[in-house]
1. Along the Cα-to-C-beta direction of residue 80, a point sits 7 Å from the Cα; which residues of the stretch 20-41 have their amide N less than 12 Å from that point?
2. Do any of 123/175; 66/175; 29/66 go past 32 Å between their Cα atoms, and which?
3. Work out how far the C-alpha atoms of the stretch 129-171 reach from end to end along every principal axis, then list the three figures in whole Å, largest first.
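Rule-based calculations on the coordinates, nothing more; no lab input. It should be emphasised that the depicted structure is a prediction, and the values quoted were computed from it without experimental measurement. Cβ: placed from backbone, ideal geometry, glycine included. Neighbour counts: every protein chain shown.
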Amino acid sequence: MKTTIIGKQMTVSEDLKELVTKKLSKFDKFFRDGSEAFVTFNRRHGEECLEVTISAGGTLFRAEKKSDTFRNALDECIESIERQIRKNKTRLEKRLREGAIDIIESDYSSDVEEERELIIRTKSFRLKPMTSEEAILQMNLLDHEFFMFVDSSTGDTCVVYRRADGNYGLIVPEK
């Protein structure tokens, strides 16, 4: 797995880089060659923040954790991505390396129950053309975490969402 390590407003030490490479190598058994991992180190508000994004076979796995040390945050990210793989193993079967599902089942068969996926509610509504500012206002009025709308200038279906830091994000379709 190709690993890219980024330090935002900081320099990442060599021993930390080696630890990241060693810990991420455990995912080689799941992913085919050509998978990439992006690891971003950051210090925010006195906390060590670590973000791990793995791109494998057109599928993204992502974990972002804050902890008192980067080592603890790395361990939490690794566990989180493993949970994502186990939880979605049946959907991922075609995208992962052949035999990876057998590894998952043999490693975790005793502590993982098969989760059933059910759509418990279907909701439909008419998408109204509006600006992203209007969509944010509507989202806040509804007290939702995200809101889907048609961008009045482009005609694209977009999503605005509230980020963990309190700011807003906008998701637009790629053309």
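1. The answer is 40.
2. Working: 123/175 27 Å; 66/175 34 Å; 29/66 27 Å.
Checking Cα-Cα distances, 66/175 exceed 32 Å.
3. Sorted from largest, the Cα extents of the stretch 129-171 read 28, 18, 12 Å.
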